[in-house]
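The values are calculated or read from the model by the stated rules, or taken from the named source; none is laboratory data. Only a predicted model underlies this, so the values are computations on that prediction, with no experimental measurement involved. Side chains are part of the model used for accessible areas, which takes the heavy atoms of the whole protein and leaves out ligands, DNA and RNA. Shrake-Rupley method; radii C 1.70, N 1.55, O 1.52, S 1.80 Å.
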Amino acid sequence: MSKDPPPWCDTSMKLTLPNVHSFQLPDPSWEWVSPRWLIDMTLDVDEDGWQYATKFSSASWHGRHSAAKSFVRRRRWLRLRRRYTPQPVCAGDRDADAKDDR
């Protein structure tokens, strides 16, 4: 029985999605900010975004590969999103547009 997590999982090692291309936004009120998925380079990672540890359940992940302390690796992917909020048209805005047309 394998103790490895699935290829795409959350921080609790539960399967989240089959692949990044099929990931859906929570509902229509959200929109993507970034056009594609990005590797998170903000943590202690190597030049390719990998972190290493002795096991997947480790609390101690590091960005430096060491043969004695690096039996597993992980990489975090991000894609920015935001709630879509349509801007209402105010009566004052319509009046200003009408004045510009004169």
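Quick notes on this one:
- Put Arg79, Arg73, Arg36 in order of accessible area, highest first, and with a 1.4 Å probe you get Arg36, Arg73, Arg79.
- Taken over the chain, lysine pairs spaced eight or more positions apart, or on distinct chains, with alpha carbons under 30 Å apart number 6.
- Ordering His65, His21 by accessible surface, largest first, gives His21, His65; the 1.4 Å probe counts only protein heavy atoms, with every chain in place.
- A cut-off of 5 Å between modelled amide H atoms, ignoring neighbours fewer than 5 places along the same chain, links Trp61 with no other residue.
- Here the Karplus curve 6.51 cos²θ - 1.76 cosθ + 1.60, taken at θ = phi - 60°, turns the phi angles of segment 43-49 into couplings of 8, 6, 10, 7, 5, 9, x Hz, with x standing for Gly and Pro.
- Helix 91-100 axis, angle to the chain major axis (alpha carbon atoms, nearest 10°): 60
- In Å², nearest 10: area of Asp4 left accessible to a 1.4 Å probe: 100
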